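*Asks:* Before anything else, here's the structure in question.
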Amino acid sequence: MNTLRTGMLLAALTAIFMGVGYLIGGAAGMVTALVIAAGMNLFTYWNADRIVLASQHAREVDERSAPELYGIVRELAQRAGLPMPRVYVVDNPQPNAFATGRSPQHAAVAATTGLLQLMSREEIASVIAHELGHVRNRDTLTMAIAATIGGAVSMLANFAFFFGGSRDNNNPLGFVGVIVAAIVAPFAAMLVQMAVSRTREYSADRASAEITGRPDWLIAALTKLDRGARAIPNPDVERNPAMASLYIVNPLAGMKSLFATHPATEDRIAALRSMAGAFGASAMPEAGAAAPRVAVPRVGRTAPRGPWG
């Protein structure tokens, strides 16, 4: 059901893109937009990881430069039955993480420096397991395509102010079409993109609990992540809001409910609490409670054996 719904949402996003083309240039503009959308989807399929990683200024690390983080990813990937993804670090004080790539064989996982500094090793493991859940569910390509088309809708809408509304461009609605393209279309695209993201987060949260066997770790992590995202800005995402849906929590503070790229953190925590019995997790912490701090990953330290293994 999630797959069908996601496909419908992506189709709606492409339709919005074509609609903007129609409002700018009539039937010819719509056909042009369709061709551009098809080309963008093909380009994104092959280059989604490069686009996302470059836009977030992520730097690749290995077992020598970040042994503990690399060790966490490797052990969790093995538990999830996935190939070892490439590992990246984003120099940003906001605690957050994302995954990207067109398939499990071409996946990458990225964590911010803020995440590595703030979280305990168990909490980091739960966040990485969530991102590997996206990889296993093949959400990474879907979300990257949604982010690319969503950003393109906004960019194309801006062009409407310069190229829309004249008599010789076949715009069927004139200046009204320009206003719709410039204001309504990006807003509609944002809502569709948010819906795409929100359909995938619960399943990735469940995957984290399955991989680690400890939903309480992700409960503690989500509490810290939500608090950190509200307190610490993320300039890269502020410059390109279409990328917000890729992260484990919304990196743009102050967005809730219908206008949020993610489900409410309280709802995600409630869903994880309901898994406690199934996974046999004891000592489920209350929302806001701090998890015990152990061996926070630091570059240059030897990775101890994972506490879940």
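The values are calculated or read from the model by the stated rules, or taken from the named source; none is laboratory data. Worth saying up front: this structure is predicted, and the values here are computed from it rather than measured. Every residue, glycine as well, gets a Cβ built from its backbone with ideal geometry; the counts of neighbours run over all protein chains shown.
*Asks:* Restricting the search to region 208-244, which residues are in contact with a Gly (Cβ under 9 Å, 6 or more places away or on another chain) and among the acidic types (Asp, Glu)?
*Replies:* Glu210 - this is the single residue of region 208-244 that is in contact with a Gly (Cβ under 9 Å, 6 or more places away or on another chain) and among the acidic types (Asp, Glu).
*Asks:* Also, I was wondering about something else. Test Ala12 against the criterion of being farther than 24 Å from Arg121 by Cα, at pLDDT 90 or above and of a type outside the set (S, T, N, Q), and give yes or no.
*Replies:* No: the conditions fail for Ala12.
*Asks:* Taking the condition of being crowded, with 17+ Cβ neighbours inside 10 Å and modelled with pLDDT under 90, how many residues in region 256-279 meet it?
*Replies:* 6
*Asks:* Residues being under 14 Å from the mean Cα position of the chain (by Cα) and surrounded by 21 or more Cβ atoms within 10 Å (Cβ to Cβ): count how many of those fall in region 101-115.
*Replies:* Of the residues in region 101-115, 7 are under 14 Å from the mean Cα position of the chain (by Cα) and surrounded by 21 or more Cβ atoms within 10 Å (Cβ to Cβ).
*Asks:* Which numbered condition in (1) among the hydrophobic types (A, V, I, L, M, F, W, C); (2) under 23 Å from Asn92 (Cβ atoms); (3) in a loop (DSSP other than H, G, I, E, B); (4) modelled with pLDDT under 90 is the only one that Val249 fails?
*Replies:* All conditions are met except number (4).
*Asks:* Another question about this same structure. List every residue pair whose Cβ atoms lie under 9 Å apart, where the two residues are 6 or more positions apart in sequence or sit on different chains, the first residue falls within region 44-59 and is farther than 17 Å from Ile149 by Cα and in contact (Cβ under 8 Å) with a residue 60 or more places away in the chain, and the second residue, located anywhere, is small (Gly, Ala, Ser) and in a strand (DSSP E or B).
*Replies:* Close Cβ pairs satisfying both conditions: Gln56/Ala110.
*Asks:* Has region 61-79 got any residue that is at pLDDT below 95, among the aromatic types (Phe, Trp, Tyr) and surrounded by fewer than 22 Cβ atoms within 10 Å (Cβ to Cβ)?
*Replies:* Looking through region 61-79, none of the residues is at pLDDT below 95, among the aromatic types (Phe, Trp, Tyr) and surrounded by fewer than 22 Cβ atoms within 10 Å (Cβ to Cβ).
*Asks:* Still on this structure: Condition test on Ala54, is it buried (at least 18 other Cβ atoms within 10 Å of the Cβ) and either in contact with a Gly (Cβ under 7 Å, 6 or more places away or on another chain) or modelled with pLDDT under 95 (or both)?
*Replies:* No: the conditions fail for Ala54.
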